[in-house]
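The values are calculated or read from the model by the stated rules, or taken from the named source; none is laboratory data. This is a predicted model, so every value here is computed, not measured. Cβ coordinates were reconstructed from backbone atoms using ideal geometry, including for glycine residues, and neighbour counts include every protein chain displayed.
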Amino acid sequence: MEKDFNEQDSLKVINQMIAQVNSNIQIGAASSMVMAGYTVATIAILNIILIHTLDKPYFSFWVWMLMIPYAIIQHFIEKKRDKKAIVRTYMDTIVGKTWKAFTISVVVLLIVIFGLIYISETWILSLLFNPVILTLTGLAQYATAATTRFKPFLWGAFTLWCGAILCMLLLPLFGKTVEIQFVILAICMILGFSLPGHMLNKKAKVNV
């Protein structure tokens, strides 16, 4: 009788741990993803507005400095979430490392492109910002999809990649200005980032 109880108890503990792992991945990843998508989309729209309202439109790009306080706040939120997590899996680690590598890559990219703009004294290279960032985001999203096996992440990755291509294809139709790229960036971040996050949150409510 004691043996049967122990076996059942062990299975119960295992099931609880599996449920906790699922909850950790879904709730944690979805919350930061939803916020990141909406934050980038909002700043992109603000950038467009500032381009048309400021006397010197190139000052409008400084609005992206808002990402610094957002990143700091998000960092502390993630730290707090990690401390509360009962189970941290290898999958959590892979996903976390993937997005850390993405962040470093974006910072390096911005430094390189700004450096080339300064050296070449031409702003034409600024047209690379959005398509390259969308491409890198799609890469990280695809890696997350492969790790978590959550299909909406895969759809999000392809949405971001298609957005990168559209940034190039639509330029001739809109006078080779960066505004259309910001519109594409905002749409892609909502559809390819925030929407999958909402879907993950919805799934989390079922598993918790």
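For this structure, a couple of remarks:
- Residue match in the range 97-115 (condition: assigned to a helix (DSSP H, G or I), surrounded by 13 or more Cβ atoms within 10 Å (Cβ to Cβ), modelled with pLDDT of 90 or more and β-branched (Val, Ile, Thr)): no
- Of all the numbered requirements in (1) at pLDDT 85 or above; (2) assigned to a helix (DSSP H, G or I), Asp82 misses one, and that requirement is (1).
- Total residues in the range 166-180, condition surrounded by 16 or more Cβ atoms within 10 Å (Cβ to Cβ) and modelled with pLDDT under 85: 0
- Taken over the range 47-61, the criterion of being in contact (Cβ under 8 Å) with a residue 24 or more places away in the chain and either touching a Pro at 6+ places or on another chain (Cβ under 7 Å) or polar (S, T, N, Q) (or both) is satisfied by Asn47, Ile51.
- Across the range 146-166, the number of residues qualifying as touching a residue at least 40 places away in the same chain (Cβ under 8 Å) and in a helix (DSSP H, G or I) comes to 6.
- Scanning the range 132-144 for residues that are surrounded by 20 or more Cβ atoms within 10 Å (Cβ to Cβ) and either farther than 25 Å from Val108 by Cα or without any contact (Cβ under 8 Å) to a residue 60 or more places away in the chain (or both) yields Ile133, Leu134, Thr137, Gly138, Ala140, Gln141.
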